[in-house]
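Beneath this line is the structure, given in C-alpha cells, with notes to follow.
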C-alpha cells in the first residue's frame, strides 16, 4: 500500500510570516501580489487549497504546519490502494 500526503492550507487566514517556506521550500512560496504563502501544486476549492504529495515531503511539511503561528496548515497521511 502506497502512502501519500495531503496538505491543506487555509490561505485567506495567512499572515505572511514565511515559516512554511523556511520549513519546506520545495512546496511553499511567498506571493509577491499579496504577501501570503502559496502551496505549490495545490487546487483551490471554496478558498481552501490542498495538494497531494509523496511521503518524502511529509516531515518538512509537518514542520511547516507546526511552525505556522496561525495554525492554518494541516498535513495528513493518506493510503492509496
Which of the numbered conditions does residue 71 fail, given that it passes all the others? Conditions: (1) part of a loop (DSSP other than H, G, I, E, B); (2) exposed (fewer than 13 other Cβ atoms within 10 Å of the Cβ); (3) touching a residue at least 40 places away in the same chain (Cβ under 8 Å). (3)
Any idea how many residues of the range 1-18 are part of a loop (DSSP other than H, G, I, E, B) and closer than 14 Å to residue 31 by Cα? 5
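Does any residue of the range 31-47 turn out to be under 19 Å from residue 2 (Cβ atoms), modelled with pLDDT of 95 or more and crowded, with 16+ Cβ neighbours inside 10 Å?
The first filter runs over the range 31-47 and keeps only residues under 19 Å from residue 2 (Cβ atoms), leaving 41.
When the remaining residues are screened for being modelled with pLDDT of 95 or more, the result is 41.
From what's left, crowded, with 16+ Cβ neighbours inside 10 Å: none.
Within the range 31-47 (the criterion being under 19 Å from residue 2 (Cβ atoms), modelled with pLDDT of 95 or more and crowded, with 16+ Cβ neighbours inside 10 Å), the answer is no, since none of the residues qualifies.
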Within the range 20-28, can one find any residue that is in contact with a strand residue (DSSP E or B) (Cβ under 6 Å, 6 or more places away or on another chain), surrounded by 15 or more Cβ atoms within 10 Å (Cβ to Cβ) and not in a helix (DSSP H, G or I)? yes
Would you check which residues across the range 29-64 are out of contact with any strand residue (DSSP E or B) (no Cβ under 7 Å at 6 or more places or on another chain) and either more than 20 Å from residue 79 (Cβ to Cβ) or not in a helix (DSSP H, G or I) (or both) and list them? 32, 33, 34, 35, 36, 44, 45, 46, 47, 60, 63
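In the range 1-37, what residues are over 16 Å from residue 60 (Cβ atoms) and either under 10 Å from the mean Cα position of the chain (by Cα) or free of Cβ contacts under 8 Å to residues at least 40 places away in the same chain (or both)?
Narrowing the range 1-37 to residues over 16 Å from residue 60 (Cβ atoms): 1-2, 10-17, 30-36.
Across the range 1-37, the qualifying residues are 10, 11, 12, 16, 30, 31, 32, 33, 34, 35, 36.
The values are calculated or read from the model by the stated rules, or taken from the named source; none is laboratory data. Bear in mind that the values here come from a model prediction, so they are computed numbers and not experimental data. Using ideal geometry, Cβ is built from the backbone for each residue, glycine included, and neighbour counts are taken over all protein chains shown.
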